[in-house]
Amino acid sequence: MAARLFPAVKFVIKGSLAGAAVYMAYDQGLLGSSTQGAEALRKAQAALPPAIQEWTRYIGWELPPTPKFDFSPSDSWNKGVQTVMSALSVAPTRACEYTVEGWKYVKDLVK
């Protein structure tokens, strides 16, 4: 009986952890717009260094200072979207070019 119950308990625990992670991401605004994501990143950058310093004092470890990041998720997102849209806009033209080159190659092989 316990052998059949253990996988079910593991599944429930893993599902609960995954659900909690998704809820926390939603609650913090990570699943919203890019401005909400940028705000969540600013909050994390403000909250993490003091928390890490407190933990290191509690444990007694000495860590190097945290690096400063100049990163904008909205700029990176926009750059990615622009790159994908650019690739999709030239895809039909490139497909025609590659098809013509392929036919030429096949014709040269048949000769």
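The values are calculated or read from the model by the stated rules, or taken from the named source; none is laboratory data. The structure presented is a predicted model; accordingly, all values stated were derived computationally and were not measured. Virtual Cβ from ideal backbone geometry, glycine too; neighbours counted across all protein chains shown. Remember, those area values only see protein heavy atoms, side chains included, never the ligands or the DNA or RNA. Shrake-Rupley method; radii C 1.70, N 1.55, O 1.52, S 1.80 Å.
Annotations for the structure displayed:
- With the charge dipole of the chain set up from +1 on Lys and Arg Cβ and -1 on Asp and Glu Cβ about the Cα centre, the Cα lying farthest toward the positive end among the listed residues 103, 88, 40 is that of 103.
- Heavy atoms of residue 71 accessible to a 1.4 Å probe, total area in Å² rounded to 10: 120 Å²
- Cα centre as origin, Lys/Arg/Asp/Glu Cβ charges: the chain dipole, Debye: 440 debye
- Calculated P(r) tail over 17 Å for the chain, as whole % of Cα pairs: 77 percent
- A full extension of the chain between residue 8 and residue 21 corresponds to an added length of 2.7 nm, given 0.36 nm per residue minus the alpha carbon distance.
- Other residues within the sphere of radius under 15 Å centred on the Cβ of residue 21, judged by their own Cβ, net out at 0 (K and R +1, D and E -1).
- Acute angle (nearest 10 degrees) that the helix 2-27 long axis makes with the longest principal axis of the chain, alpha-carbon atoms: 80 degrees
- Distance between the 7 Å Cα→Cβ label points at residue 48 and residue 62: 2.4 nm.
- Model label points for residue 104 and residue 82, set 7 angstrom from Cα along the Cα-to-Cβ axis, are 3.3 nm apart.
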